[in-house]
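Notes to accompany the following structure.
The values are calculated or read from the model by the stated rules, or taken from the named source; none is laboratory data. It should be emphasised that the depicted structure is a prediction, and the values quoted were computed from it without experimental measurement. Cβ placement follows ideal geometry from the backbone for every residue including glycine, while neighbour counts extend to all protein chains displayed.
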Amino acid sequence: MADAQLKEEIIAYSKKIGIDKIGFASANPFLSLKDRLLKQQELGYQSGFEEPDINKRTHPDMVLPEAKTIIAIALAYPSKMKNPPKSKKGDRRGVFCRASWGEDYHRVLKNRLEKLQEFIQEKAPAARMKSMVDTGELSDRAVAERAGIGWSGKNCAIITPEFGSYVYLGEMITTLSLPPDQPVTDQCGSCNKCVEACPTGALVQGGQLDSNKCIAYLTQTKDFLPDQYRKKLGNRLYGCDTCQQVCPENKGIDYHHQEEFEPDPEIVKPKLIPLLQISNKEFKRKFGPIAGSWRGKKPIQRNAIIALGHFKEEKAVDDLGKLLIDDPRPVIRGTAAWALGEINNRESRDYLNQALKQEIDSNVKKEVDNALK
């Protein structure tokens with residue numbers, strides 16, 4: 001079958017199985033990306049969640065020998081929730097970012113890529129393929145950019161002309177030689193809104209991110225959150241949408257045609273106080289199907305505690321006090337101490353004074369001391 005004809009058949013089939021956008025790129029090495037990644041490494045801007053081998057990230061033929069083409073796909077997700085529950089005094093709520101709404105996108109995109117792979121294998125039995133979503137060796141963004149899915153915005157997201165940056169990305173490396181698409185021209189221009197709006201200054205400049213300062217990364221860490229970022233966290237439990245929300249290219253963009261990504265408001269905007277005592281079993285049952293649960297309940301609980309401190313939620317004092325006195329995890333005890341210090345009423349100080357007499361962990365003691373001051 002002629003390469004151009006096969007490409008057209010792949011595009012037609014991708015629409016049938018609900019892929020919103022598809023693009024084709026050569027599997028040549030990503031040399032300019034390699035330079036950028038080496039610079040990021042040198043500056044200490046990497047999060048540690050990436051594939052550590054920069055050669056594998058930039059040389060597709062190291063992932064699939066004789067790679068010729070990379071097929072990039074994008075699925076749009078919603079930016080607005082229907083009937084969002086209100087967060088009010090005495091009944092505060094946290095929030096998961098939009099990229100964690102609905103079913104875990106890794107599973108959804110892998111399913112679409114598997115269907116696409118089966119279709120291609122029928123048409124070209126000798127072809128070899130390897131698919132990946134987010135956690136693979138390649139940079140989803142670099143592939144999508146080369147394949148014409150969109151341009152790489154100053155907010156370090158792929159911005160598509162049709163769906164803005166509210167898209168999930170995945171790709172398939174193949175030994176098939178298919179005609180490549182043209183990259184989309186960068187359209188950010190002089191706009192710098194995302195860089196200016198970043199709560200922690202993690203966007204060092206347009207297109208360069210210090211991952212260690214990024215709230216999306218910080219919400220996924222398991223240790224004590226550095227003090228200077230706690231108040232910046234607000235009520236975020238997982239991820240951050242600020243740089244997408246301020247982007248003019250996302251104005252009025254809200255797609256709801258992928259059923260799997262429809263959010264359950266009680267899951268993605270949950271009440272905070274019940275999260276403090278949630279069991280592992282209940283956490284897995286309620287939050288297991290969404291992307292934001294992948295690091296387990298500890299970071300989510302820590303972030304919920306910070307959110308209650310942010311709101312100065314007096315109704316949470318007894319629950320926070322129980323964590324401070326009884327929880328076996330130092331990070332949870334210490335963060336509860338910080339939140340009680342933010343609330344700063346008589347009951348919260350009583351709990352802090354009680355902890356001062358019994359606490360043996362030096363980090364927690366420090367948090368209790370600071371909270372009482």
(request) State all residues of segment 313-323 that are over 29 Å from the mean Cα position of the chain (by Cα) and within 11 Å of residue 351 (Cα to Cα); if no residue qualifies, say none. (result) 317, 318, 321, 322
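Could you list, in sequence order, the residues of segment 1-57 that are in a helix (DSSP H, G or I) and at pLDDT 95 or above? Before you say what the answer is, go through the steps one by one.
Narrowing segment 1-57 to residues in a helix (DSSP H, G or I): 3-16, 31-43, 54-57.
Within segment 1-57, 5, 6, 7, 8, 9, 10, 11, 12, 13, 14, 15, 16 qualify.
Mind checking which residues of segment 83-134 are part of a loop (DSSP other than H, G, I, E, B), within 30 Å of residue 271 (Cα to Cα) and under 20 Å from the mean Cα position of the chain (by Cα)? Before the answer, list the steps.
In the first step, residues of segment 83-134 are kept if they are part of a loop (DSSP other than H, G, I, E, B); the result is 83-87, 89-90, 92, 94, 97, 101-104, 124-128, 133-134.
Going one step further and asking which of them are within 30 Å of residue 271 (Cα to Cα), we end up with 83-87, 89-90, 92, 94, 97, 101-104, 134.
Answer for segment 83-134, where residues must be part of a loop (DSSP other than H, G, I, E, B), within 30 Å of residue 271 (Cα to Cα) and under 20 Å from the mean Cα position of the chain (by Cα): 94, 97, 101, 102, 103, 104, 134.
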(request) State the number of residues belonging to segment 258-289 that are loosely packed, with under 15 Cβ neighbours inside 10 Å and among the basic types (Lys, Arg). (result) 4
(request) Confirm whether residue 292 is small (Gly, Ala, Ser) and either surrounded by 18 or more Cβ atoms within 10 Å (Cβ to Cβ) or within 27 Å of residue 196 (Cβ to Cβ) (or both). (result) yes
(request) Consider residue 181 carefully, then state whether it is of a type in the set (D, E, K, R) and either more than 30 Å from residue 297 (Cα to Cα) or surrounded by fewer than 18 Cβ atoms within 10 Å (Cβ to Cβ) (or both). (result) yes
(message) When the residues of segment 87-134 are narrowed to those that are basic (Lys, Arg) and within 16 Å of residue 170 (Cα to Cα), which ends up surrounded by the fewest Cβ atoms within 10 Å (Cβ to Cβ)?
(response) 107
(request) Collect the residues in segment 224-281 that are of a type in the set (D, E, K, R), farther than 30 Å from residue 361 by Cβ and in contact with a Ser or Thr (Cβ under 6 Å, 6 or more places away or on another chain), keeping them in residue-number order. (result) 254
(request) Working only within segment 227-243, note down all residues that are out of contact with any Pro (no Cβ under 9 Å at 6 or more places or on another chain) and farther than 11 Å from residue 94 by Cα. (result) 227, 228, 230, 231, 239, 241, 243
